[in-house]
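For reference, the structure discussed in these notes is given below.
The values are calculated or read from the model by the stated rules, or taken from the named source; none is laboratory data. The model shown is predicted, which means the values in this text are computed figures rather than measured ones. Please note: Cβ atoms are built from the backbone with ideal geometry, for glycine as well, and neighbour counts cover all protein chains shown. Note: accessible area is taken over every heavy atom of the protein model, side chains too, but ligands, DNA and RNA are not part of it. Shrake-Rupley method; radii C 1.70, N 1.55, O 1.52, S 1.80 Å.
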Amino acid sequence: MKYLNKFYRPFLLTYIFLSVAISFYPSFNFYSIKGQLTILSVSIFNGILGIYVKKL
């Protein structure tokens, strides 16, 4: 449970903020499979880093 808490917070924050930020980029198709996989892969990577990297 401890690892889940460390994973979902950076994952969720990255997914929300990256989705909002990248939606202003005109050639990015947010609703495509490729667009969602890009956002999900970055968010999952950030969530995994949230488990292993301690706060400074």
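Considering only residues that are within 21 Å of Leu13 (Cβ to Cβ) and either assigned to a helix (DSSP H, G or I) or open to solvent by 90 Å² or more (accessible area, probe 1.4 Å) (or both), which ones fall in the range 24-36?
The answer is Phe24, Tyr25, Gly35, Gln36.
Out of all the residues in the range 5-20, which are more than 10 Å from the chain's Cα centre (by Cα), surrounded by 10 or more Cβ atoms within 10 Å (Cβ to Cβ) and without any contact (Cβ under 8 Å) to a residue 12 or more places away in the chain?
Across the range 5-20, the qualifying residue is only Asn5.
Please enumerate the residues belonging to the range 37-56 that are of a type in the set (S, T, N, Q) and either over 25 Å from Tyr3 (Cβ atoms) or surrounded by 14 or more Cβ atoms within 10 Å (Cβ to Cβ) (or both).
Result: Thr38, Ser43, Asn46.
Can you tell me which condition Asn5 does not meet? The list is (1) within 21 Å of Val53 (Cβ to Cβ); (2) touching a helix residue (DSSP H, G or I) at 6+ places or on another chain (Cβ under 7 Å), and all the others hold.
(2)
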